[in-house]
Amino acid sequence: MRWLAGGTGSGKSTLARALAEQHDVLVYDGDRAERGYVGRCTARDQPYLWALLNAPAARRWTGRSAQEVYESMPSLHGETFGFVVDDLLALPVDRPILVDDFRTLPREVAPLLTWPEQAAFLLPTPVFRDRALRTRFADPARARANWGDGDHDEALTLRLARDELWDAEIRRQAVASGLPVVTVDGARDVRDLADDLAARFRLG
């Protein structure tokens, strides 16, 4: 098992695809897997996730501060990691598995590692993330699916501020756990970063 986590807009999924092509790893896509958490979520065991799932999209991103949105993240409270572990235990073990999951925190994964660089936490610079998310949500349909029919520019500004808080927590936990953080600023191409991660992950 290898873990590729960290901030949004850092290129995790792009790197996961590159590693899968080069090293025949099986990728666990956390964003896609999240859809399966819905049926396993309960108001008692995952109260933050339950509240998020039952709130209209616009309400999640309007009338709240970045700190409030950050503090309401289910993953911050450990509500999603159990789902990830259950999913991974059900996968075949004939090849390495690469977990591409924004929600994984260093404190959760640290006890499961055989060596520290079995996990890498990618954190984008503010400029890199701003460019990535503005490109991602330039599609009105995608923006509406995430933020409803409210002010999308306001929602994106809030999202960027929330993600800075998440990055700070990731960095704090990674340092405390002795796990590597990789800064992504666009200076290195995908192949270079993928080769770096493959060496860290002991692939090939």
Average accessible area per residue (Å²) across the chain - probe 1.4 Å, nucleic acids and ligands excluded
50 Å²
Whole-Hz ³J(HN,Hα) for each residue in the stretch 192-197, computed from phi via Karplus 6.51 cos²θ - 1.76 cosθ + 1.60 with θ = phi - 60°, x for glycine and proline: what do you get?
5, 5, 5, 5, 4, 5
For a quick size check, give me the Cα extents of the stretch 79-173 along its three principal axes, largest first, whole Å.
44, 28, 23
Expressed in µm² per second, the diffusion coefficient of the stretch 95-141 from the Stokes-Einstein equation, with Rh the Kirkwood radius over alpha carbon pairs, at 37 °C and 0.692 mPa s, is 246 µm²/s
In the stretch 1-91 the accessible area split gives carbon plus sulfur, as whole percent at 1.4 Å, a share of 51 percent
Zone residues, the stretch 53-79, relative to Asp151, backbone N less than 19 Å from point 7 Å out along Cα-to-Cβ
57-70
Can you give the calculated 222 nm mean residue ellipticity of the chain, where each DSSP H run of n ≥ 4 adds -39,500 (n - 2.57) and the sum is split over every residue, rounded to the nearest 500 deg cm²/dmol?
-15000 deg cm²/dmol
Whole-number D in µm² s⁻¹ for the stretch 7-111, Kirkwood Cα-pair radius fed into Stokes-Einstein, 20 °C, 1.002 mPa s
140 µm²/s
Around Pro74, what is the net charge, scoring Lys/Arg as +1 and Asp/Glu as -1 over all other residues with Cβ under 15 Å from its Cβ?
-3
Dividing the convex hull volume of the alpha carbon atoms of the chain by its residue count, what do you get in Å³ per residue?
123 Å³
How large is ³J(HN,Hα), in whole Hz, for each residue of the stretch 142-157 in order, when computed from phi with the Karplus curve 6.51 cos²θ - 1.76 cosθ + 1.60 and θ = phi - 60°, using x for Gly and Pro?
5, 5, 5, 5, 8, 10, x, 9, x, 6, 5, 5, 5, 5, 5, 4
What are the residues whose amide H is under 5 Å from the amide H of Ala119, where those residues sit 5 or more places off or on another chain and H is modelled from the backbone?
Trp3
What is the sum of charges around Trp115, taking Lys and Arg as +1, Asp and Glu as -1, for the other residues whose C-beta is under 14 Å from the C-beta of Trp115?
+2
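The values are calculated or read from the model by the stated rules, or taken from the named source; none is laboratory data. Worth saying up front: this structure is predicted, and the values here are computed from it rather than measured. Counting neighbours? That spans all protein chains shown, and the Cβs are built from the backbone with ideal geometry, glycine included. All accessible areas refer to the heavy atoms of the entire protein, side chains included, with ligands and DNA or RNA removed. Shrake-Rupley method; radii C 1.70, N 1.55, O 1.52, S 1.80 Å.
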